[in-house]
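Inspection log for the structure reproduced underneath, given as structure tokens.
The values are calculated or read from the model by the stated rules, or taken from the named source; none is laboratory data. Nothing here was measured: the structure is a model prediction, and the numbers come from that model. Neighbour counts are summed over all protein chains in view; Cβ atoms, including those assigned to glycine, are modelled from backbone coordinates with ideal geometry.
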Amino acid sequence: MAIATNLGFPRMGANRELKWLLEKYWQRKIGAEALLTGSAEVREANWRWQAEAGITQIPVGDFSLYDHVLDWAIRVGAVPAAYQTGQLISHLDRYFAMARGTQQGVDLPAMEMTKWFNTNYHYIVPEWSTDQTFHLDADTFISDIMSAQQFSDGARPVVLGPVSLLLLGKLKDSDASPLVLLDRLLPVYEQLLQKLNEAGCTWVQWDEPVLALDLDESTQQALRHSLNTLSGSLGNLKLVLTSYFESLRENLPLAFELPVAAVHLDLVCAPEQLADALPLVRDDQFLSLGLVDGRNVWRTDLAQALRLAETAAAAIGSERLLVAPSCSLLHSPVDLTAETEIDEEVKSWLAFARQKLDEIATITTALNDGRTAVAETLRQNAAALETRRTSIRTHNPAVRDRVAAISPDKLRRAGDYTQRQVAQRDRLKLPLLPTTTIGSFPQTSAVRQARAAFRQGDLLAEEYRHFLESETETCIRRQEALGIDVLVHGEFERNDMVEYFGEQLEGFVVSKNGWVQSYGSRCVKPPILFGDVRRLAAMTVPMAQYAQSLTDRPVKGMLTGPVTILCWSFVRDDQPRRETCLQIALAIREESIDLEQAGIGVIQIDEPALREGLPLRADDQAAYLAWAVDAFRLASSGVGDATQIHTHMCYCEFNEILPSIAALDADVISIETSRSQMELLDGFVAFRYPNEIGPGVYDIHSPRVPSTSEMVGLLKKAVDVIPPERLWVNPDCGLKTRGWVEVEAALEAMVEAAQEVRSLL
Ligand code: GLN
Ligand code: ZN
């Protein structure tokens, strides 16, 4: 019998219960007891849903109060020295201090956070030291397993394997690979396996996600060494070795050669690897088929999934198959039935986490009892997918013709950068080291309330527009008073920089409750890009024009770039991402041309997700970068030489993609640098970045107001390496999460700093 399994379930709860619990706990409105009971309820609801859906092997330990990588760092006893202070008394205080910093009694920064492979989930980066010792701290893990066993005989612990755990972290005091600690870490995993045996577990999900990456010899060796060492402690346990987000490619033989009872394959991102894998499955091994997309919202093509599953069954027997999602469902929203406002046709193409469980169960039943046992489900599935394939909304000839007709001249500005610089100087007449901001100003509770009231129909469109205009006017006046050179309208009309465009473009729907965890209690609600993308009307022009009408200073038009809209949406999976991205780029191009015609002389096209979209495997990266750059250039080069194009990027390692950033050919780029004390600028300098740069001079992620002299110091560093004619002065990122008081104080100091450094030139 094939077995229905799952790799992980969303942690937030159907109505983001965990988010509300955490935030109340942090504000001290509830105590530890309430947090722990409340979160146990979320966990139990998850187990119950999975059991009811017919999932036999249910993940346990996938849940986390903040982040599972942090949980594993703590489970192996790796609490950095600073957080071992006696002033953090409770286990929870210490945990959250590591996750998000603390200023209560003791002042500790949060540990570093970074993106989980190519997803928008962020994990806490474990800190290792060369004298690191480890010890097992798994009591809560084991007690969770005991609780889960009440819901299912098949509670399956999820373990983050030692090699990935080490490599996800950083060795702080040495340039060596964290793998030097492997032999010290393995005894802790041996003890863990013993505890899992004692708890009566059989199957264990052994996550080694690094298997999906390009692996050097030492990492391959570490994987072999770790599992060979641990195989003596397995007892009754059967490991299913899991990785996801990429094809295993040349790592396939390695995966199957290891002493594991099953290997999991992500067959959604790489169905073709099944044929290569089947001959490698040992007689004593199972195969876990990742057939249901764990990180997107599309209904599975059950017929196609079954074809793959039946191929596998024919080769090794269905009794050796585990049916699974491609990866943890952590990256999916919880329940489609809660979406009452998505139009019925599009909704029939979608599946959220709970619906995905049903799909896993259906595939399993079809394998075990034959397709006839689920004939009606298969028929409905095929009918829905047929409407998706043939709908004019997914295949609009007019859009397709326009993309096909994109000629190379549409990817190029008329003049080169030097010519444009002359035309723009002439038009904008800015001082040296011009000051600007990144776009958003504080989204106060008044702004959020007005938006909510408008959505609920309590505020008329007209009234809402007046409200936004008055916020915008205040914002413009404040920037004028501060003496900023290039102004912004403040983005008060935007809930989110991607959803705002998703709401207006044809080809998107937005969900009401389709939240996914981004980090800790923070969730995002990506719009769903289901069809051909077309701009129906101007999206940002009236507000930009209004803002410009208020002032003689230039106001920047604000757009989100095509790659960022692509990366931060649930994107259609029925055509290459490149196609979809070019459609979005055309829409943004039209918008930028309209902004120019409306008299806007500076247009910023944000691309903070450019780096995030980079494929995991080096072989695929050049192709991605080529089309991503094309998409930005298509979006930005419809305007004349005198119109200044800005772009903005933050929160990433830019250095490895600098040639592509330069190839965007934006006139000005603003980047996050202040937390690295301008170190990031070194890359731009070494690369001889040719156009203008605004290195962020203060960190907007902290409520701290920077002093003028601090920013003067940073600017002097910048002036030393970048000619002042090419230097801008701005914060790191948008100001929407801050309050007005600190924003005004910080910007006042920033303008002063710019003036001071100008006077030295
Ligand atoms: N223009 C956006 C803002 O200011 C940019 C946000 C971002 O880079 N993430 O909020
Ligand atoms: Zn930013």
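If we only count helices (runs of 4 or more DSSP H) wholly inside region 649-742, which ones have 1 or more residues that are closer than 21 Å to Arg420 by Cα and of a type in the set (A, V, I, L, M, F, W, C)?
On the way: elements: 658-663, 679-686, 708-721.
Qualifying helices (runs of 4 or more DSSP H): 658-663, 679-686.
Look at Arg611 and say whether it is in contact with a strand residue (DSSP E or B) (Cβ under 8 Å, 6 or more places away or on another chain) and either modelled with pLDDT under 95 or not hydroxyl-bearing (Ser, Thr, Tyr) (or both). Break it down stepwise before answering.
Working: in contact with a strand residue (DSSP E or B) (Cβ under 8 Å, 6 or more places away or on another chain): yes; either modelled with pLDDT under 95 or not hydroxyl-bearing (Ser, Thr, Tyr) (or both): yes.
Yes; evaluated as a whole, the condition is true for this residue.
Would you confirm, using the coordinates I've provided, whether Ala631 is assigned to a helix (DSSP H, G or I) and buried (at least 22 other Cβ atoms within 10 Å of the Cβ)?
Details: assigned to a helix (DSSP H, G or I): yes; buried (at least 22 other Cβ atoms within 10 Å of the Cβ): yes.
So Ala631 fits the description; yes.
Any chance you could count how many residues in region 166-214 are part of a loop (DSSP other than H, G, I, E, B) and surrounded by fewer than 21 Cβ atoms within 10 Å (Cβ to Cβ)?
Our first condition is that a residue be part of a loop (DSSP other than H, G, I, E, B); within region 166-214, this holds for 169, 172-177, 199-202, 208, 213-214.
From what's left, surrounded by fewer than 21 Cβ atoms within 10 Å (Cβ to Cβ): 172-177, 199-200, 202, 213-214.
Of the residues in region 166-214, 11 are part of a loop (DSSP other than H, G, I, E, B) and surrounded by fewer than 21 Cβ atoms within 10 Å (Cβ to Cβ).
Evaluate the following for Thr472: is it under 19 Å from Gly490 (Cβ atoms), within 16 Å of ligand 2 (Cβ to nearest atom), surrounded by 15 or more Cβ atoms within 10 Å (Cβ to Cβ) and of a type in the set (S, T, N, Q)?
Working: under 19 Å from Gly490 (Cβ atoms): yes; within 16 Å of ligand 2 (Cβ to nearest atom): no; surrounded by 15 or more Cβ atoms within 10 Å (Cβ to Cβ): yes; of a type in the set (S, T, N, Q): yes.
Spelling it out, it is not the case that Thr472 is under 19 Å from Gly490 (Cβ atoms), within 16 Å of ligand 2 (Cβ to nearest atom), surrounded by 15 or more Cβ atoms within 10 Å (Cβ to Cβ) and of a type in the set (S, T, N, Q).
Just for region 391-415: of the residues that are without any contact (Cβ under 8 Å) to a residue 24 or more places away in the chain and over 31 Å from the mean Cα position of the chain (by Cα), which one is nearest to Ala324 (Cα to Cα)?
Within region 391-415, the subset without any contact (Cβ under 8 Å) to a residue 24 or more places away in the chain is 392, 397, 401, 404-405, 407-409.
With over 31 Å from the mean Cα position of the chain (by Cα) added as a condition, the list becomes 397, 401, 405, 407-409.
Details: Pro397: 37, Asp401: 39, Ala405: 41, Ser407: 44, Pro408: 44, Asp409: 47 Å.
Applying the filter and picking the extreme gives Pro397.
Could you list, in sequence order, the residues of region 694-716 that are of a type in the set (A, V, I, L, M, F, W, C), within 16 Å of ligand 1 (Cβ to nearest atom) and more than 24 Å from Arg522 (Cβ to Cβ)? Full working, then the answer.
The first filter runs over region 694-716 and keeps only residues of a type in the set (A, V, I, L, M, F, W, C), leaving 697, 700, 705, 711-712, 714-715.
Going one step further and asking which of them are within 16 Å of ligand 1 (Cβ to nearest atom), we end up with 697, 700.
Residue satisfying the conditions is Val697 alone.
For Asp606, state whether it is within 16 Å of ligand 2 (Cβ to nearest atom) and either surrounded by fewer than 20 Cβ atoms within 10 Å (Cβ to Cβ) or under 24 Å from Leu433 (Cα atoms) (or both).
Details: within 16 Å of ligand 2 (Cβ to nearest atom): yes; either surrounded by fewer than 20 Cβ atoms within 10 Å (Cβ to Cβ) or under 24 Å from Leu433 (Cα atoms) (or both): yes.
Considered against the rule, which asks whether it is within 16 Å of ligand 2 (Cβ to nearest atom) and either surrounded by fewer than 20 Cβ atoms within 10 Å (Cβ to Cβ) or under 24 Å from Leu433 (Cα atoms) (or both), Asp606 comes out as yes.
Considering only region 308-351, state which residues are in contact (Cβ under 8 Å) with a residue 60 or more places away in the chain, of a type in the set (D, E, K, R) and either buried (at least 24 other Cβ atoms within 10 Å of the Cβ) or within 20 Å of Asp573 (Cβ to Cβ) (or both). Show your work before the answer.
As a first pass, look at region 308-351 and keep what is in contact (Cβ under 8 Å) with a residue 60 or more places away in the chain: 309, 313, 318-319, 321-335, 338-343, 346, 349-350.
In the following step, the residues that additionally are of a type in the set (D, E, K, R) were identified as 319, 335, 339, 341, 343.
Passing the criteria: Glu339, Asp343.
Cβ-Cβ distance below 9 Å, separation of 6 or more or different chains: which pairs start in region 352-378 with a residue that is touching a residue at least 24 places away in the same chain (Cβ under 8 Å) and among the acidic types (Asp, Glu) and end on one that is assigned to a helix (DSSP H, G or I) and crowded, with 19+ Cβ neighbours inside 10 Å?
That search, which allows pairs on different chains as well, returns Glu359/Leu302; Glu359/Ala305; Glu359/Asn381.
Out of region 589-613, which residues are of a type in the set (A, V, I, L, M), free of Cβ contacts under 8 Å to residues at least 60 places away in the same chain, within 15 Å of ligand 1 (Cβ to nearest atom) and not in a loop (DSSP other than H, G, I, E, B)?
Leu595, Ile603
Here are the criteria: (1) surrounded by 13 or more Cβ atoms within 10 Å (Cβ to Cβ); (2) within 16 Å of ligand 1 (Cβ to nearest atom); (3) not hydroxyl-bearing (Ser, Thr, Tyr). Tell me which single one Ala423 does not satisfy.
Every listed condition holds for Ala423 apart from (2).
Could you tell me which of the residues Val719, Val743, Val751 is within 16 Å of ligand 1 (Cβ to nearest atom), surrounded by fewer than 21 Cβ atoms within 10 Å (Cβ to Cβ), of a type in the set (A, V, I, L, M, F, W, C) and on the phi < 0 side of the Ramachandran plot? Don't jump to the end; show me each part of the working.
Working: Val719 fails: within 16 Å of ligand 1 (Cβ to nearest atom); Val751 fails: within 16 Å of ligand 1 (Cβ to nearest atom).
Step by step, each of Val719, Val743, Val751 is checked, and only Val743 is within 16 Å of ligand 1 (Cβ to nearest atom), surrounded by fewer than 21 Cβ atoms within 10 Å (Cβ to Cβ), of a type in the set (A, V, I, L, M, F, W, C) and on the phi < 0 side of the Ramachandran plot.
Examine region 482-493 for a residue that is more than 19 Å from Ala746 (Cβ to Cβ) and touching a residue at least 60 places away in the same chain (Cβ under 8 Å), and state whether such a residue exists.
Yes.
Within the set of pairs 6 or more residues apart or between chains, which connect a residue that is assigned to a loop (DSSP other than H, G, I, E, B) inside region 257-281 to a residue that is among the small types (Gly, Ala, Ser) with Cβ atoms less than 7 Å apart?
These pairs meet every condition: Pro259/Ser231; Leu267/Gly290; Leu267/Ser326; Val268/Gly290; Val268/Ser326; Cys269/Ser247; Cys269/Ser326; Ala270/Ser247.
Considering each of Ser702, Ser676 in turn, give the residue that is within 16 Å of ligand 2 (Cβ to nearest atom), within 29 Å of Ala618 (Cα to Cα) and either free of Cβ contacts under 8 Å to residues at least 24 places away in the same chain or surrounded by fewer than 20 Cβ atoms within 10 Å (Cβ to Cβ) (or both). Step through it out loud before you land on a result.
Values: Ser702 fails: within 29 Å of Ala618 (Cα to Cα).
None of the other options fit; the residue is Ser676.
Quickly run through region 443-460 and pick out the residues that are part of a loop (DSSP other than H, G, I, E, B) and surrounded by fewer than 20 Cβ atoms within 10 Å (Cβ to Cβ). Full working, then the answer.
We begin by selecting, within region 443-460, every residue part of a loop (DSSP other than H, G, I, E, B); these are 443-444, 456-460.
If the condition is that a residue be part of a loop (DSSP other than H, G, I, E, B) and surrounded by fewer than 20 Cβ atoms within 10 Å (Cβ to Cβ), then Thr444, Gln456, Gly457, Asp458, Leu459, Leu460 are the ones that fit.
Among the candidates Ile584, Ile671, which residue alone is touching a residue at least 24 places away in the same chain (Cβ under 8 Å), within 16 Å of ligand 2 (Cβ to nearest atom) and under 22 Å from the mean Cα position of the chain (by Cα)?
Ile671
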